[in-house]
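Below you'll find the structure, written out as structure tokens, and then a few comments.
The values are calculated or read from the model by the stated rules, or taken from the named source; none is laboratory data. Just so we're clear, the structure is a prediction, and the values are computed from it rather than from any experiment. Glycine also receives a Cβ, built like all others from the backbone with ideal geometry; neighbour counts cover every protein chain displayed.
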Amino acid sequence: MILADKIIKLRKKNGWSQEELADKMNVSRQAVSKWEAAQTTPDLEKILQLGNLFGVTTDYLLKDEMEDEEFAEGVEDTPVRKISLAQANEYIEQRKEASKKIAIATFLCIVSVIPLLLLTAISQFTDLPISEDIAAGIGVVAIFPIVAIAVMMFVRTGFKNAPYEFLEEEPFETEYGVTGLAKERQKEYRDTYMKCNYIGVGTCVLSPVPLLCGTFAKNELLMMILLCVTILMVGIGTMLFIVAGVRWASLQKLLKEGDYAEKGKKKSKISESIETVYWLAVTAIYLCWSFLSGDWNITWVVWPVAGVLSAGVELICKLWLDKKE
């Protein structure tokens, strides 16, 4: 009963209603009502969260006697950031736009090899007056501006997201109405999110079909064109995954769900680090192989192979983290 009285006292001292406290704690109003009526007791994680929210020690909350508050040291010096309704709405819209730009930039990186493949095929399998060396040179040169545009889009998007990086790195609270807004947006977007993932999976799974059809064609130029179609399909499928994933992740961050819940943050950071190292290694292998061999028309296979293997790496990483935990 003492804990319930302390929660009521601290809530009223801060001028919060039960709904506002529930929103800040990311629980239902009924849960707060039951705490204050001593019908249920908050678990340890929620008690720690209450202590941080009210700026008092957990000892004060857990003692079986009413007394003056024991304020936690340093609370005033290191206040927890609060997300207002306007900031949350701005963040959701910003990530919506960012999802499109990140998706386009990734698509450009994937399809950047297509000019090289087509020009090489034209020089080899047509009567056009263009040598294989010139075709390969033009194709390689074409890769750089395409990738440069993609990199600029990544960097620009990163700068715009910089003010909100603390959502992943620091504890934060949401003001009244933010949780409701995020849940409503999540509910509205759920069907689109599922459709994008379904279509993305289907597109990636079917992407080898044109290439397989090309292997039965006697026309080698046609086979190369169908290979480019395969790459385009992979790019489109990847775009759908990114658009859906970035927008969904922004809502999960505000709601502290999934990988952005307190228990999932550590796993998420480790997974992201492993993924970053993996793709840096793939890029290094591709560049070293390409420059040392000069076979740019062959070394592109590194990317589809790496894409397939990345799913296995991600699964192994997840299983390892689960076992370690």
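Taking the criterion of being out of contact with any Lys or Arg (no Cβ under 6 Å at 6 or more places or on another chain), closer than 18 Å to Ala261 by Cβ and touching a residue at least 12 places away in the same chain (Cβ under 8 Å), the residues of the stretch 167-184 that qualify are Glu168, Glu170, Pro171, Thr174, Val178, Thr179, Ala182, Lys183.
Only residues that are surrounded by 14 or more Cβ atoms within 10 Å (Cβ to Cβ) and under 20 Å from Leu62 (Cβ atoms) were counted across the stretch 25-39, and they come to 7. Given the criteria touching a residue at least 60 places away in the same chain (Cβ under 8 Å), in a helix (DSSP H, G or I), of a type outside the set (Lys, Arg) and farther than 16 Å from Pro163 by Cα, does Ile92 qualify? For Ile92, the condition - touching a residue at least 60 places away in the same chain (Cβ under 8 Å), in a helix (DSSP H, G or I), of a type outside the set (Lys, Arg) and farther than 16 Å from Pro163 by Cα - is not met. Considering the stretch 123-139, and only residues there that are surrounded by fewer than 18 Cβ atoms within 10 Å (Cβ to Cβ) and under 39 Å from the mean Cα position of the chain (by Cα), the residue that is nearest to Ala244 (Cα to Cα) turns out to be Ile138.
Identification of helices (runs of 4 or more DSSP H) wholly contained in the stretch 159-239 with 1 or more residues that are closer than 30 Å to Ile114 by Cα and in contact with a Gly (Cβ under 6 Å, 6 or more places away or on another chain) yields 178-206. Selection of the stretch 30-45 for residues being at pLDDT 85 or above and either part of a helix (DSSP H, G or I) or under 18 Å from Glu173 (Cβ atoms) (or both) yields Gln30, Ala31, Val32, Ser33, Lys34, Trp35, Glu36, Pro42.
Taking the listed residues Leu48, Leu85, the one that is at pLDDT 80 or above, over 27 Å from the mean Cα position of the chain (by Cα) and under 21 Å from Thr174 (Cα atoms) is Leu48, with no other qualifying.
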